[in-house]
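> Before anything else, here's the structure in question.
The values are calculated or read from the model by the stated rules, or taken from the named source; none is laboratory data. From a predicted model like this one, the values you see are computed outputs, not experimental measurements. Note that each Cβ is placed from the backbone with ideal geometry, even for glycine, and that neighbours are counted across all protein chains shown. Heads up: the accessible areas ignore ligands, DNA and RNA and are worked out on the full protein's heavy atoms, side chains in. Shrake-Rupley method; radii C 1.70, N 1.55, O 1.52, S 1.80 Å.
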Amino acid sequence: MADDEQEDQKEYRWETGYEKTWEAIKDDEDGMLDGAIAEIIQKAKRQRQAQKTKQNRLGMMRHMFLVLDCSESMSVPDLKPTRLRCTVKLLELFIEEFFDQNPISQLGIIALKAKRAEKVTELTGTSRVHLKALESLANVSLTSEPSLQNGLDLALKSLKVVPSHASREIVIIMGSLTTCDPVDINITIDELKREGIRCSVISLSAEIHVARYLTQQTMGTFGAVLDDAHFRDQLMSQVDPPPAAKTQHNSLIRMGFPHTKNEVEGKDAPLSMCMCHIENLEEPSELTTTGHHCPQCNSKYCELPVECQSCGLTLVSAPHLARSYHHLFPVPNFEELPFEAMPASSSDLNNGVRECYACAKALGQGVDKAADKVVFRCGFCKQFFCVDCDIFIHDTLHACVGCNTIPGVDGLVYQQSSKPDQVDAHPGPSKQRAQFGM
């Protein structure tokens with residue numbers, strides 16, 4: 001009898017009551033949904049920032065393949081003007097930001113066309129090559145449906161030979177709801193899982209079960225875009241390096257710091273060709289006197305970073321390593337407080353208006369009044385920031401404005417681990433300004 005009662009209590013999905021999922025998105029006073037979507041984006045950014053504070057081992061040398069759907073579904077105009085053109089424009093921004101934040105990483109592009117996979121660019125650290133390839137993809141003919149498995153197999157073949165100390169990733173931008181694969185795709189997913197290759201999917205239509213399953217098995221992320229702003233946020237979330245996989249080994253990596261030869265024994269440097277363009281038919285090498293010379297084999301290259309074609313040495317500059325360093329020590333998360341908790345400015349010039357310390361924007365006024373419901377306070381300098389400056393500091397600047405402009409505060413960040421009880425004992429910012437005549 002008990003078993004019969006339990007069976008009666010079980011209901012199918014379509015027999016249950018309605019789930020009002022649309023109530024999560026509410027329109028504003030003008031009847032627009034932009035505010036609700038912006039709030040979803042801000043919450044996602046804050047969640048990613050909270051994950052950065054965890055002491056994870058990060059993969060700094062990244063090898064990533066972008067797998068782009070070029071099927072008929074990418075001609076849908078729900079993202080203006082079309083899905084493909086919107087994707088190409090956002091990928092241009094992503095590639096520039098990716099190499100700015102990960103200068104010692106490499107990127108490649110794969111296009112899914114007519115149930116086949118085509119490698120558009122090889123793994124390389126030169127953004128100019130990828131940007132030029134994207135221009136040609138914007139005018140490609142969109143036909144048939146994609147093959148997700150063929151794209152994964154092609155990326156897997158290239159990533160298998162990558163050294164074990166490097167992070168291996170695949171980011172798939174999928175517009176189609178279907179995939180036409182030659183064999184069981186679970187075989188490819190299992191092999192990706194064994195190799196420790198992280199796969200993430202950004203869907204332009206809806207959630208797809210096979211894509212969700214792929215990301216779950218490979219410890220990646222899955223997201224379905226709402227509009228172009230949400231699409232950009234989903235794409236930019238792939239810029240930061242992910243936690244290192246268990247299959248990733250620790251090892252010392254030989255790197256060379258090239259030198260520039262302007263003069264040789266009091267004479268001008270001789271004319272020579274660079275190795276990076278010597279076999280490029282589209283952009284042939286030119287005879288020049290300037291360039292970066294490998295310290296091991298003396299081969300010349302016109303830009304950095306690059307892997308020497310003669311001796312295999314990785315050539316970088318000091319700023320490249322410095323830009324990769326800040327991912328290991330992110331800025332601590334600011335404390336989120338209601339707008340009413342922020343004290344008014346005591347300055348006569350501001351007339352008691354609450355301002356953001358970084359951009360000096362008047363908070364709680366004008367069209368951004370709804371966006372200023374919460375403010376963010378640094379735990380060290382005790383300064384208040386708006387939502388936009390909080391994201392800019394953590395995602396782009398990687399340094400607190402208050403801690404680096406108020407004398408004596410910057411040292412507190414480095415003393416936190418050794419003397420945590422003295423963090424709250426330092427004088428407030430107003431006393432520090434008075435002490436230093438600010």
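> Let me confirm something: among VAL120, VAL88, which residue is at pLDDT 70 or above and part of a helix (DSSP H, G or I)? Lay out the reasoning, then the answer.
Working: VAL120 fails: part of a helix (DSSP H, G or I).
When all the criteria are applied, what remains is VAL88.
> Out of ILE110, ILE104, I need the residue that is open to solvent by less than 20 Å² (accessible area, probe 1.4 Å) and within 20 Å of the chain's Cα centre (by Cα). Which one? Even if it seems obvious, please write down each step before you answer.
Values: ILE104 fails: open to solvent by less than 20 Å² (accessible area, probe 1.4 Å).
Testing whether each residue is open to solvent by less than 20 Å² (accessible area, probe 1.4 Å) and within 20 Å of the chain's Cα centre (by Cα) leaves just ILE110.
> Go through segment 80-104 residue by residue and tally those that are out of contact with any strand residue (DSSP E or B) (no Cβ under 9 Å at 6 or more places or on another chain) and closer than 18 Å to SER141 by Cα.
Going through segment 80-104 one residue at a time, the tally reaches 6.
> Now for a separate question. Go through segment 182-216 and give me each residue that's polar (S, T, N, Q) and within 24 Å of MET74 (Cβ to Cβ).
Across segment 182-216, the qualifying residues are THR188, SER200, SER203, SER205, THR215.
> Among the residues of segment 146-161, write down those that are out of contact with any helix residue (DSSP H, G or I) (no Cβ under 6 Å at 6 or more places or on another chain) and either polar (S, T, N, Q) or surrounded by fewer than 18 Cβ atoms within 10 Å (Cβ to Cβ) (or both).
SER147, ASN150, LYS157, SER158, LYS160, VAL161
> Across segment 144-162, which residue is nearest to LEU123 (Cα to Cα) among those that are touching a residue at least 40 places away in the same chain (Cβ under 8 Å) and assigned to a loop (DSSP other than H, G, I, E, B)?
VAL162
> Within segment 397-414, how many residues are modelled with pLDDT of 80 or more and part of a helix (DSSP H, G or I)?
6
> Can I ask one more? Mind checking which residues of segment 114-127 are of a type in the set (Lys, Arg) and either in contact with a strand residue (DSSP E or B) (Cβ under 9 Å, 6 or more places away or on another chain) or not assigned by the TED database to the domain that holds VAL201 (or both)? Full working, then the answer.
Keep residues of segment 114-127 that are of a type in the set (Lys, Arg), which gives 115-116, 119.
Passing the criteria: only LYS119.
> Conditions: (1) in a helix (DSSP H, G or I); (2) closer than 28 Å to PRO182 by Cα; (3) out of contact with any Cys (no Cβ under 8 Å at 6 or more places or on another chain). ILE95 meets all but one. Number of the miss?
(2)
One line per residue, one yes/no per condition, for (1) aliphatic (A, V, I, L, M); (2) modelled with pLDDT of 85 or more; (3) assigned by the TED database to the domain that holds PHE94; (4) within 30 Å of ALA44 (Cβ to Cβ):
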{"position": "GLY352", "(1), (2), (3), (4)": "no, no, no, no"}
{"position": "CYS356", "(1), (2), (3), (4)": "no, yes, no, yes"}
{"position": "LYS373", "(1), (2), (3), (4)": "no, no, no, yes"}
{"position": "ARG377", "(1), (2), (3), (4)": "no, yes, no, yes"}
{"position": "VAL423", "(1), (2), (3), (4)": "yes, no, no, yes"}
{"position": "PRO429", "(1), (2), (3), (4)": "no, no, no, no"}
{"position": "ARG433", "(1), (2), (3), (4)": "no, no, no, no"}
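> Quick check: anything in segment 94-103 of a type in the set (S, T, N, Q), more than 22 Å from LEU148 (Cα to Cα) and without any contact (Cβ under 8 Å) to a residue 60 or more places away in the chain?
no
> In addition: Please determine, by comparing only the residues of segment 235-254 that are surrounded by fewer than 14 Cβ atoms within 10 Å (Cβ to Cβ) and within 26 Å of GLU97 (Cα to Cα), which one is modelled with the highest pLDDT.
Quick first cut of segment 235-254, residues surrounded by fewer than 14 Cβ atoms within 10 Å (Cβ to Cβ) only: 246-247, 249-254.
After this cut, where a residue has to be within 26 Å of GLU97 (Cα to Cα) as well, the list is 253-254.
Values: ILE253: 77, ARG254: 83.
This residue is ARG254.
> Can you tell me which residues in segment 74-100 are of a type in the set (S, T, N, Q) and buried (at least 20 other Cβ atoms within 10 Å of the Cβ)? Give the steps one after another, and end with the answer.
Within segment 74-100, the subset of a type in the set (S, T, N, Q) is 75, 82, 87.
Correct list: THR87 only.
> Of the numbered conditions (1) at negative phi; (2) surrounded by fewer than 19 Cβ atoms within 10 Å (Cβ to Cβ); (3) not aromatic (Phe, Trp, Tyr), GLY196 satisfies every one except a single condition; which is it?
(1)
> Applying the selection to segment 130-143, what residues are part of a loop (DSSP other than H, G, I, E, B) and surrounded by 17 or more Cβ atoms within 10 Å (Cβ to Cβ)?
LEU142
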